[in-house]
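**Student:** Have a look at this one.
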Amino acid sequence: MYHRAVFYKCHASALALWISLSLNIVLATPRPLPRSTPEAQGVSSEVLLTFLQAADRQIEAMHSIMILRHGHVVAEGWWAPYQPNDPHELYSLSKSFTSTAVGFAVAEGQMSIDDEILRFFPAEAPQEPSANLKAMRIRDLLTMSTGHQDETASAPDKISPKSFLAHPVPFKPGTHFKYNTPATFMLSAIVQKQAGLPIVDYLRPRLFEPLGIENPVWSTNFQGTSLGGYGLRVRTEDIAKFGQLYLNEGRWLNRQILPRSWIQQATSKQTSNGSNPRSDWDQGYGFQFWRCKNEAYRGDGAFGQYCIVIPKLDAVIAITSGVKDMQSVLDLVWDKALPAFAPKRLKPNKPATETLKGVLSNLQVIPAAGSKPPPDSEGFLAHRYQMDANEQKLISLSFEPGPNPNSRTLVLGYEDRSVRIPFAYGSWIRGGTLDPGRGTEPVASSGGWLDSATLQIKSCAYETPFHVTTTLRFIAGELRIETQPNLGFTNTKRPTLLGRRQASP
């Protein structure tokens, strides 16, 4: 009891200061990050161009990139149909924001990282908690050292404090690193328990509003608790601002928003997680931040969502993507982007700067394969197709004119609704929704004919890493549909759907 009383006494004045700062910060006018030419911040446009061309060529699906030097955006680009104002699913990059919420709560005296987690949820604890569960602290949640051998379920309809506390803890907390998304959920639940509101709302006046991060969305579990370990959606520039705050050691617009001591703890190596010098997943782990090669650290999320902070270069790199090999993106940053950073300001290089700007403004996710409709193919689109019984409960498929002459609209008929998805030949057009992997998502779609009887439609869920490629084969009055998502946590192969052309009325 003594250590806790001393802790709260020492932080009483900090609490008052933080409340005062929060009231002032809320009034700050949100503004974008300052922009600059690369050379003015000591970055070579020519080298960045080489990096960008390699990324466009080698990485499966880049979605956006923003590069900061000395607090200025020196390069930014979005691969169409992704756009600057689109929020993007962060997956486990959300964890670094949850850690930040804990940092604020600690600074305000609402908790200590040495508090045992059972004290926050006594009613949800097992009747006879194990010694290891009793010993588990907030620090162990932060460092992914809870003592678990494996993770309990983390799906929104399953994860809760009760399910987490019921999971076996075979190792002494603090001694065994195990990446553990439910541990981050528990941090979210603890902050919500102490603050009385979900962390997305708790962070609003403390982090989101001061940084000008507008309309953050964070999915919740079935009890209304922000998922913590995933589920946050913000824009690419918001990711970059978050990284810049950490690079500034908690200062924003000349105000100390988050204690410098917390930044140093959160981003330093708190626990070992491997020994492979070539892997950016073996360099140590902080408080929901990964240590990296090149004396850097990062938050990251599944399928290639990154907030990379490189203190020795005074640089931040924000990336969203849809990749299977996440190390390949980091390797490209280390090998191709870092050589662009010079110790001091460079001479202007207008030709290279203009070329770089042009390339950045014309990036595009590769649209559907194929060409515009051959003369004998459009007849297939004039009919309605009745689908055989299927798991997707798709009843019918037909086509309508599109928003412009270079487009058509796919119409999917279900029992309770019709979904219209416009697609353009050789380019992207927004409209409609699909379920590409995790819930119904707005999409942009493109199309192309592989031959006179085979149409391919590629739909990109532009707030996520996912796209879905649908191949429709028209054969003697029948329709065969093959659908392939680009990514997934499990097997992405989907069953072939069959349909039959209906006779014209």
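Rule-based calculations on the coordinates, nothing more; no lab input. Since the model is a prediction, treat every value here as computed from it, not as a measurement. Here the Cβ positions follow ideal geometry from the backbone for every residue, glycine too, while neighbour counts run over all protein chains shown.
**Student:** If you stretched the chain out fully between residue 269 and residue 201, how much longer would it get, using 0.36 nm times the residue separation minus the C-alpha to C-alpha distance? Kindly include the intermediate steps, with their values, before the conclusion.
**Tutor:** Values: separation 68, 0.36 × 68 = 24.48 nm, distance 2.92 nm.
Full extension from residue 269 to residue 201 adds 21.6 nm.
**Student:** By count of other Cβ within 10 Å, fewest leading, how are 292, 307, 460 ordered?
**Tutor:** On the way: 292 21, 307 27, 460 32.
Neighbour counts put them in this order, fewest first: 292, 307, 460.
**Student:** Sticking with this one: For the modelled label position 7 Å from the Cα of residue 418 along Cα-to-Cβ, which residues of region 381-410 have backbone nitrogen atoms closer than 19 Å?
**Tutor:** In region 381-410, the label zone of residue 418 (backbone N under 19 Å from the point 7 Å along Cα→Cβ) covers 381-388, 393-404, 407-410.
**Student:** First measure r as the distance between the Cβ atoms of residue 281 and residue 430, then evaluate 1/(1 + (r/R0)^6) with R0 = 45 Å and state the FRET efficiency to the nearest 0.05.
**Tutor:** On the way: r = 35 Å, r/R0 = 0.79.
Given R0 = 45 Å and the Cβ-Cβ separation, E is 0.80.
**Student:** Still on this model: Mark the label point 7 Å from the Cα of residue 157 along Cα→Cβ and return the residues of region 471-505 whose backbone N is within less than 19 Å of it.
**Tutor:** What the label zone holds, given the 19 Å backbone N cut-off, is 489-491.
**Student:** Related question: Can you tell me how much longer the chain between residue 324 and residue 53 gets when fully stretched, taken as 0.36 nm per residue apart minus their C-alpha distance, in nm with one decimal?
**Tutor:** Values: separation 271, 0.36 × 271 = 97.56 nm, distance 1.95 nm.
Extra length from residue 324 to residue 53 when fully extended: 95.6 nm.
**Student:** With a 10 Å Cβ neighbour count serving as the proxy for reagent exposure, in which order, fewest first, do 319, 481 appear?
**Tutor:** Listing 319, 481 from fewest to most nearby Cβ atoms yields 481, 319.
**Student:** What's the FRET efficiency of residue 498 with residue 334 using the Cβ-Cβ distance as r and R₀ = 41 Å, to the nearest 0.05?
**Tutor:** Details: r = 48 Å, r/R0 = 1.18.
The formula returns an efficiency of 0.25 here.
**Student:** Separate question: Treating cross-link reach as a plain straight distance, find the lysines whose alpha-carbon is under 28 Å from the alpha-carbon of residue 158, omitting any fewer than eight places away in the same chain.
**Tutor:** 95, 134, 172, 178, 193, 324, 393, 493
**Student:** For the chain, what value does the Rg/Rh ratio take when both radii are computed over Cα atoms and Rh is the Kirkwood radius, given to two decimals?
**Tutor:** My calculation puts Rg/Rh at 1.02.
**Student:** So how do 118-126, 468-476 stack up, highest first, on mean other-Cβ count within 10 Å? If you can, show how the numbers build up before the last one.
**Tutor:** On the way: 118-126: 13.9, 468-476: 17.4.
My ranking of the peptides, most packed first, is 468-476, 118-126.
**Student:** Find how much the distance from residue 175 to residue 255 grows on full extension, using 0.36 nm per residue of separation minus their present alpha carbon separation; answer in nm with one decimal. Could the numbers behind the result be given before it?
**Tutor:** Values: separation 80, 0.36 × 80 = 28.80 nm, distance 3.70 nm.
Roughly 25.1 nm would be gained on extension.
**Student:** Hey, another quick one. Taking the mean number of other Cβ atoms within 10 Å as a proxy for protection, how do you rank 406-415, 142-151 from highest to lowest? All intermediate terms of the calculation are to be shown ahead of the outcome.
**Tutor:** Details: 406-415: 16.5, 142-151: 20.9.
In descending order of packing, they fall as 142-151, 406-415.
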